[in-house]
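> Quick one: the structure is below, and I'll ask about it shortly.
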Amino acid sequence: MTRIAYVHDLSYALGEQAADIQKAETDGLLVSEPKALESAGFARHFRAADDTSAYDLAVRAVEPMESELAQTDAIVYSTCIPANANLGNEERFRVTRDVKYLMDFPASRLQNHFGLRDAFVVGLNQQACTGMLGSLRLAHNLIRAEPEIRKVLCVTSDRFPHGALYEQSYNLISDGAAACLVSVEPTGFRYVGVHAVTNGAMVMATDDQTVGSFFNYTHDLIRACVDKAGIGINEIDWFVPQNTNVKAWQILARLLGMDFERVYLSTLSEVGHVISGDNIVNLKHLEQSGKLKPGHLVLLVMAGYGSNWQCVILEKTAS
């Protein structure tokens, strides 16, 4: 019998320092004019404190679900920026010339921190902003393929390095982490289907090339995902995307022939683009809004550098 996977216990954590667009410009963190980002729907973002690492943000995202972590069988830990996948000490390496100081991995630390001794870890760091959706896919497949795996913790966490610009492809970025559980427990959201596309030829695409590819690839990705799931585009009750230019989603909604009111990105203005965490952030807010009903189909979609596009369909359960 094929086992069904469910996504639940959504959680996220943001950098400690909130700032509006004007402050971001004053601090020299933007490429675009503030009014351009404001017209795209952005208002403020969050930056991690100087002594806060991506791993610290991951711990904070997982802490609210700590009581649900018993008998976790696996951890899928996703990062967008490769440097955030390693807590190694380069200075110590240079002194000792011992490469073990470059191999201090956050997923293993997270396993130890929460006492998840029976959980094996998987690191995922080459799917850019789509990494959390890739984590859901891996967790779902692990549950289906290995009978002993019943619960998987999915985490994504990134913070920009000191001195970095906080704008990418015309999006205002926030440091942050997101987490959820994927398990056989029938609660939260039933995992329905997935589709992904990678175009490695665009690995170093410019911002304009990235924006230019958004509409065709995202349109085709969503169409392919619903086709694979055997449902129609109009059967999707909610589209929960990444926090990107609201006008882009107005255009894409028309291309897909759907009502823009079904696109839920309520956190865009106040949270910004939380790298790989947007889908979880927006889905959690949708869940809390009271608008979700049992049986509602939700489509999570994300585009990222690499270039990667991923789409996951979930169904709201009664519990």
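The values are calculated or read from the model by the stated rules, or taken from the named source; none is laboratory data. Predicted model, so just to flag it, every value in this text is computed and none were measured. Positions of Cβ are backbone-derived with ideal geometry, glycine not excepted, and every protein chain shown enters the neighbour counts. These accessible areas exclude ligands, DNA and RNA; they are computed on the full protein's heavy atoms, side chains included. Shrake-Rupley method; radii C 1.70, N 1.55, O 1.52, S 1.80 Å.
> For the charge dipole of the range 265-319, defined by +1 on Lys and Arg C-beta atoms and -1 on Asp and Glu C-beta atoms about the Cα centroid, which residue among 273, 307, 283 has the Cα displaced farthest towards the positive pole?
Going by the charge dipole, the pick is 283.
> Counting only protein heavy atoms and a 1.4 Å probe, tell me what percentage of the range 182-319's accessible area is made up of carbon and sulfur.
Numbers: 2840 of 5420 Å².
Reported share for carbon and sulfur atoms: 52 percent.
> Next question. How much FRET efficiency would the formula 1/(1 + (r/R0)^6) give for residue 118 and residue 63, where r is the Cβ-Cβ distance and R0 is 22 Å, rounded to 0.05? Could the numbers behind the result be given before it?
Numbers: r = 20 Å, r/R0 = 0.90.
Here the calculated transfer efficiency is 0.65.
> What is the spread of the Cα atoms of the chain along each of their three principal axes, largest first, in whole Å?
Answer, in whole Å and largest first: 60, 54, 38 Å.
> Also, I was wondering about something else. How large is the Kirkwood hydrodynamic radius of the range 194-259, in angstrom, based on all distinct alpha carbon pairs? If you can, show how the numbers build up before the last one.
Details: mean 1/r = 0.0766 Å⁻¹.
Computed over Cα pairs of the range 194-259, the Kirkwood hydrodynamic radius comes out at 13.1 Å.
> Determine the gain in length on full extension of the stretch residue 254-residue 209; use 0.36 nm per residue of separation and subtract their C-alpha separation, reporting nm with one decimal. All intermediate terms of the calculation are to be shown ahead of the outcome.
Working: separation 45, 0.36 × 45 = 16.20 nm, distance 2.14 nm.
Stretched fully, the residue 254-residue 209 segment lengthens by 14.1 nm.
> Nearest 5 is fine: what % of DSSP beta bridges in the chain come out antiparallel, could you say?
On the way: 40 of 55 bridges.
Bridges in the chain that DSSP calls antiparallel: roughly 75 percent.
> Quick one: how many lysine pairs does the chain have with C-alpha atoms less than 17 Å apart and a gap of 8 or more or different chains? Give me the count, please.
Values: 23/35; 35/247; 284/293; 284/316; 291/316; 293/316.
Lysine pairs satisfying the spacing and distance rule in the chain number 6.
> Further question: With +1 assigned to the C-beta of every Lys and Arg and -1 to the C-beta of every Asp and Glu, and no other charges, what is the dipole magnitude of the chain about the Cα centre in debye, to the nearest 20? Intermediate values should be presented prior to the final figure.
Details: 27 positive and 37 negative charges, 143 e Å.
Dipole magnitude for the chain comes out near 680 debye.
> Based on Cβ point charges of +1 for Lys and Arg and -1 for Asp and Glu, what charge dipole magnitude is obtained for the range 106-196 about its Cα centre, in debye rounded to the nearest 20?
On the way: 8 positive and 7 negative charges, 41 e Å.
The dipole of the range 106-196 has a size of about 200 debye.
> Would you compute, from DSSP H runs of 4+ residues alone, the mean residue ellipticity of the chain at 222 nm, taking -39500 (n - 2.57) per run and dividing by the full residue count, rounded to the nearest 500? Don't skip to the end; give the middle numbers.
Values: 10 runs with 101 residues, N = 319.
Rounded to the nearest 500, the figure is -9500 deg cm²/dmol.
> Take the Cα of residue 27, step 7 Å along the line toward its Cβ, and report every residue of the range 151-169 whose backbone nitrogen sits under 14 Å from that point.
159-167
> Continuing with this model, one more query. Can you list the cysteines of the chain that have no other Cys Cβ under 4.7 Å away?
Flagged as lacking a Cys partner: 80, 129, 154, 180.
> Among 121, 184, 152, pick out the residue whose Cα is farthest towards the positive end of the charge dipole of the chain, where Lys and Arg carry +1 and Asp and Glu carry -1 on C-beta, about the Cα centre.
Of the options given, the answer is 184.
> Accessible area per residue of the range 205-248 at 1.4 Å probe, in Å²? Provide the component values of the computation, followed by the final result.
Numbers: 1960 Å² over 44 residues.
Solvent-accessible surface per residue comes out at 45 Å².
> Right, here's the next one. Give, rounded to the nearest 20 debye, the magnitude of the charge dipole that the range 1-123 has about its Cα centre when Lys and Arg contribute +1 at Cβ and Asp and Glu contribute -1 at Cβ. Write down the numbers at each step before the final one.
Numbers: 12 positive and 19 negative charges, 76 e Å.
So the magnitude is around 360 debye.
> A further question follows. Which value, in Å², gives the accessible area per residue of the range 66-148 when a 1.4 Å probe is used on the protein heavy atoms? All intermediate terms of the calculation are to be shown ahead of the outcome.
Values: 4770 Å² over 83 residues.
Result: 57 Å² per residue.
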